[in-house]
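Working notes for the structure below.
The values are calculated or read from the model by the stated rules, or taken from the named source; none is laboratory data. Quick caveat: nothing in here was measured; it's all calculated off a predicted structure. Neighbour counts are summed over all protein chains in view; Cβ atoms, including those assigned to glycine, are modelled from backbone coordinates with ideal geometry.
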């Protein structure tokens, strides 16, 4: 069972206090009749279905009750975004296989956990709805009736034998005392109205969210974590395979040749010292080249400059080795001790830029490139663009699949925009 976002998770402006007050009030006030209707329908249907379950008729009735509970749950899910400010989420219910017979279709909702949670919510919601409805009506009545008491006090009967609240409190029985006390009470209700109504709406909405989408969202979170784990393992395995291939094709071959050169120089020492010297010179050159390749490989594993000086310096060094002009924009705070990111996020951002620049140099035929690494709130956005021939795609390889695995392992998202003919933009959003 998975939760499917029905509306796009886009940033929206926060509603004003007055607008949120009316949204919350409408949510709570409408919730009571809906809760009453669902309680009556579901309790009667459940009682009838359970009572007749020993017969053939009971199971179809029970299945129908679960479908009705699903309908009431869908209505509640439609109302939740206005209160919680989150996208509407609807779990994916279990469905019958194509071609399943009637009894199989009847048993499908009975075996679905979310359907029973919908049923439980439809029955238990009345308890929460009654309390929040009473509090909401009371606060609205107190706010309106008290703050406007001065306008209708003259129309209320005040006999000599009547004892009003001001008189009980020792304030006297005058009109001024009555109007003053009731107006003060009304102002108190009016001031606290948005807070109290918001609390009632959140209580009812969070109860509904926990019952109607909580289990599905938890399972979705588990699935995401499993995907991140697989992506991390895949990225690590790919990095190890590439490192093994690079060592085999580079330093290992040079070390083999170095050993052969040293053996030849040893044999030449007695017969031809000059030839032995030339062979040793070649061996020294091989040693320097091997060290250079090992340093390059070490930069690919964990660049020392990234660890010592932070992401801006590491990216500046990376851009300085580029084969084409690279425009670099990096948030300067990322290099300060206070602004340093988590090492895993820094490493991911660095390798995203490094792999993207490698693809630009090898495949894009670009003449210039732009690299942007900026932090916005709790998100780091890494963007690499070029004016090349385009056509880049994750499915086509060229290192983009490895980038996608690294980003997915960090909990981020990768976006590649590369139409034929260019330009290309590789963008990664990493959570902080």
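Tabulated data
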| quantity | calculated |
| --- | --- |
| Candidates 340, 309, 329, filtered to the one that is surrounded by fewer than 19 Cβ atoms within 10 Å (Cβ to Cβ), over 20 Å from residue 425 (Cα atoms) and under 28 Å from the mean Cα position of the chain (by Cα) | 340 |
| Top-ranked residue in the stretch 386-413 [being surrounded by fewer than 19 Cβ atoms within 10 Å (Cβ to Cβ), closer than 14 Å to residue 355 by Cβ and within 24 Å of the chain's Cα centre (by Cα); ranked as modelled with the lowest pLDDT] | 394 |
| Selection status of residue 381, more than 18 Å from residue 321 (Cβ to Cβ), in the same structural domain as residue 328 (by TED's automatic domain parsing) and touching a residue at least 60 places away in the same chain (Cβ under 8 Å) | no |
| Elements of type helices (runs of 4 or more DSSP H) contained in the stretch 49-167, each with 1 or more residues being touching a helix residue (DSSP H, G or I) at 6+ places or on another chain (Cβ under 8 Å) and at pLDDT 90 or above | 58-84, 113-147 |
| Hey, residue 300 at pLDDT below 75, in contact with a helix residue (DSSP H, G or I) (Cβ under 7 Å, 6 or more places away or on another chain) and surrounded by fewer than 18 Cβ atoms within 10 Å (Cβ to Cβ) or not | no |
| Filter pass, residue 334 being within 20 Å of the chain's Cα centre (by Cα) and at negative phi | no |
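For (1) under 14 Å from residue 129 (Cα atoms); (2) more than 32 Å from the chain's Cα centre (by Cα), each residue gets a yes or a no:
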residue	(1), (2)
16	no, no
24	yes, no
33	yes, yes
37	yes, yes
46	no, yes
52	no, yes
55	no, yes
61	no, yes
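So that you can scan it fast, the table gives a plain yes or no per residue for (1) in contact (Cβ under 8 Å) with a residue 40 or more places away in the chain; (2) buried (at least 19 other Cβ atoms within 10 Å of the Cβ):
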| residue | (1), (2) |
| --- | --- |
| 22 | no, no |
| 28 | yes, yes |
| 49 | no, yes |
| 53 | no, no |
| 62 | yes, yes |
| 70 | yes, yes |
| 80 | yes, yes |
| 88 | yes, no |
| 97 | no, no |
